[in-house]
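Just so it is clear, none of the values below were taken in a lab; they were calculated from the coordinates. Keep in mind that this is a model prediction, so the values were computed, not measured. Virtual Cβ from ideal backbone geometry, glycine too; neighbours counted across all protein chains shown.
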Amino acid sequence: MSDAAARPLLEIRGLKKSFGDVEVLKGVDLAVRPSEVVTIIGSSGSGKTTLLRCVNLLEEFQGGAIVLDGETIGYGEAGGRRRRLRDAELSRQRAMTGMVFQSFNLFPHLSALGNVMLGLRKVRRMAKDEARTLAADWLNRVGLGNRLDNVPSQLSGGQQQRVAIARALAMNPKLVLLDEITSALDPELVQEVLSVIRRIAADGATLLIVTHEMRFAREVSDRIVFMEKGRIAEEGPPSEIFGAARSARLAEFLRNSGH
Amino acid sequence: MDAFLAQLWIARWPLFDGFLLTIGISVAAIVLGTLVGAVVGISLVFAPKLARLPFVVYVDVMRGTPVLVLILAAFYIPAVLGLSLSATQAGVLALALFAGAHIGELLRGALQAIPPGQAEAGRAIGLTFPQLLAHVLLPQAVRMALPPWINTGVELIKGSSLLSMIGVGELLLRTQEVIGRNFMTIQFYVFAGLAYLLVNVVLDTIGRTIERRLGTR
Ligand SMILES: Nc1ncnc2c1ncn2[C@@H]1O[C@H](COP(=O)(O)OP(=O)(O)OP(=O)(O)O)[C@@H](O)[C@H]1O
Ligand SMILES: [Mg+2]
């Protein structure tokens, strides 16, 4: 018991990632404990999105390791050489994390219900009725109980993003990755999405968040990580990161992001 | 006019048989061509570079060759290779290969027009590649490709008339045979032309209806 509680749910060790010749992640170490909410901040191009995409195995990476719930993900060893795992393995490991994208990426040919049900049916292999009930339940929780049969084009941006959150959360992932999920929304729709995340955080989900909403980050996070040029430059509790004692670079970043 | 109707009555069964064969050939060709086209289209987008090459060559060759040449090739080449295909089989083969290239190409276009975020969202929930294809990518691609697919069907119906050149008794050849007996050249060609037109208008209407339905979803 104490062992499991002490063990981080996510452990990133020395993660290195290049696009061609350009090294974008230069050795990132980060651990996230169960039910912890960690927010990554940092200027544009610092590698925040790339880091999340590596954790969800949407990107390959060249060095380091990512361990999720005790399992090294993405790569294995064959004949002493590091090898990317096969499609079926990657899919299984991806299903352990949920991801919500900046651009929603809902399936346009499926209703809200269909979007949430697809993974439950095909990945979790639930019976249709069970999947439908669970999907409707999650859509209710994000305030869309009356929108089950609408296709994405009939929903506002905020509603679409809430469907995307339901789609990710209904899969009961161990870890949820949120990449600037309010950046594509009109200002008046931001809060409805953030309040859903607050509730999920309060319910004990483990969240790794990238956001430019500094006030939200401060209030919802247990820990803030400041990334700069592919490295973690600073990390600590919100009070510390947003408090007075901080490095010049972090101070400048926060000043530029209007904090 | 009476004389034409009298001749038409006499020729009704051969013409009807020819009409049915035209439809049959076209349906067989679109079904086979769609199967081929599905493999070609998916391979063009997702196969490793080297494995893609034969499909690229296939599409280019088929699209660069007149249909009549394909038909003649399908008729004469298998015989040289010791395969015995009937004229109808050879004709269906040629039309299916032609359709396969076109459908493969339009499926490729449709698949590539899907935003990359779709595949990423599918992968993020843990779909395997076949599941991603079946439940996320193909449903969207098929919707996009449906209007041009119907168009390919129309092309096949028209193209099937070329099989008269290798002696397949489809509508055009039957019409020519009837004309050979009664010399009512213009009347019977117009009649055959109207029959082709009718089928294509029906197909077109079906296509538009489906398109409209999908558009308002
Ligand atoms: N597919 C790609 N190919 C090449 N370079 C890429 C690719 N994706 C990202 N990069 C580069 O990697 C670096 C990190 O990008 P990333 O998207 O992770 O930054 P970010 O911190 O999320 O920035 P933002 O705040 O603007 O979203 C950038 O320099 C970017 O140009
Ligand atoms: Mg980003």
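Consider A:R218 carefully, then state whether it is assigned to a helix (DSSP H, G or I) and farther than 23 Å from A:G114 by Cα.
yes
Looking at segment A:128-138, is at least one residue within 19 Å of the chain's Cα centre (by Cα), surrounded by 17 or more Cβ atoms within 10 Å (Cβ to Cβ) and either at the interface with chain B (Cβ under 8 Å from one of its Cβ atoms) or in contact (Cβ under 8 Å) with a residue 12 or more places away in the chain (or both)?
Within segment A:128-138, one or more residues are within 19 Å of the chain's Cα centre (by Cα), surrounded by 17 or more Cβ atoms within 10 Å (Cβ to Cβ) and either at the interface with chain B (Cβ under 8 Å from one of its Cβ atoms) or in contact (Cβ under 8 Å) with a residue 12 or more places away in the chain (or both).
Give the number of residues within segment A:5-62 that are farther than 24 Å from A:G236 by Cβ, hydrophobic (A, V, I, L, M, F, W, C) and within 14 Å of the chain's Cα centre (by Cα).
Of the residues in segment A:5-62, 2 are farther than 24 Å from A:G236 by Cβ, hydrophobic (A, V, I, L, M, F, W, C) and within 14 Å of the chain's Cα centre (by Cα).
Would you point out the residue of segment A:97-116, among those that are outside any loop (DSSP other than H, G, I, E, B) and either buried (at least 24 other Cβ atoms within 10 Å of the Cβ) or touching a strand residue (DSSP E or B) at 6+ places or on another chain (Cβ under 8 Å) (or both), that is nearest to the other protein chains (Cβ to nearest Cβ)?
Here the residue is A:M99.
Condition first: hydroxyl-bearing (S, T, Y) and more than 12 Å from every other protein chain (Cβ to nearest Cβ). Now tell me which residues in segment A:140-179 satisfy that.
A:S156
For segment A:117-132, enumerate the residues that are within 22 Å of B:F129 (Cβ to Cβ) and either part of a helix (DSSP H, G or I) or touching a strand residue (DSSP E or B) at 6+ places or on another chain (Cβ under 7 Å) (or both).
A:M117, A:L118, A:G119, A:L120, A:R121, A:K122, A:A131, listed by residue number.
Looking at A:K48, A:K16, which one is near ligand 1 (Cβ under 9 Å from one of its atoms) and away from every other protein chain (no Cβ under 14 Å)?
The match here is A:K48.
Out of B:L137, B:L162, B:L197, B:L173, I need the residue that is assigned to a helix (DSSP H, G or I) and within 30 Å of A:R125 (Cβ to Cβ). Which one? I'd like the intermediate steps shown before the answer.
Numbers: B:L162 fails: within 30 Å of A:R125 (Cβ to Cβ); B:L197 fails: within 30 Å of A:R125 (Cβ to Cβ); B:L173 fails: within 30 Å of A:R125 (Cβ to Cβ).
Among B:L137, B:L162, B:L197, B:L173, only B:L137 is assigned to a helix (DSSP H, G or I) and within 30 Å of A:R125 (Cβ to Cβ).
How about segment A:203-230: which of its residues are under 20 Å from A:P8 (Cβ atoms), within 16 Å of ligand 2 (Cβ to nearest atom) and more than 14 Å from every other protein chain (Cβ to nearest Cβ)?
Those that are under 20 Å from A:P8 (Cβ atoms), within 16 Å of ligand 2 (Cβ to nearest atom) and more than 14 Å from every other protein chain (Cβ to nearest Cβ): A:I209, A:V210, A:V225, A:F226, A:M227.
From the list B:Q89, B:Q118, pick out the single residue that is more than 14 Å from chain A (Cβ to nearest Cβ), among the polar types (S, T, N, Q) and part of a helix (DSSP H, G or I).
B:Q89
Kindly indicate which of B:I77, B:I103 is more than 9 Å from chain A (Cβ to nearest Cβ) and crowded, with 21+ Cβ neighbours inside 10 Å.
Working: B:I77 fails: crowded, with 21+ Cβ neighbours inside 10 Å.
Testing whether each residue is more than 9 Å from chain A (Cβ to nearest Cβ) and crowded, with 21+ Cβ neighbours inside 10 Å leaves just B:I103.
Of the residues A:A78, A:A65, A:A95, A:A31, which single one is small (G, A, S), more than 16 Å from ligand 2 (Cβ to nearest atom) and within 30 Å of B:L138 (Cα to Cα)?
Just one listed residue meets the conditions, A:A95.
Working only within segment B:119-128, note down all residues that are in contact (Cβ under 8 Å) with a residue 12 or more places away in the chain and more than 19 Å from A:L178 (Cβ to Cβ).
Within segment B:119-128, the subset in contact (Cβ under 8 Å) with a residue 12 or more places away in the chain is B:119, B:121-122.
Selection gives B:A119 alone.
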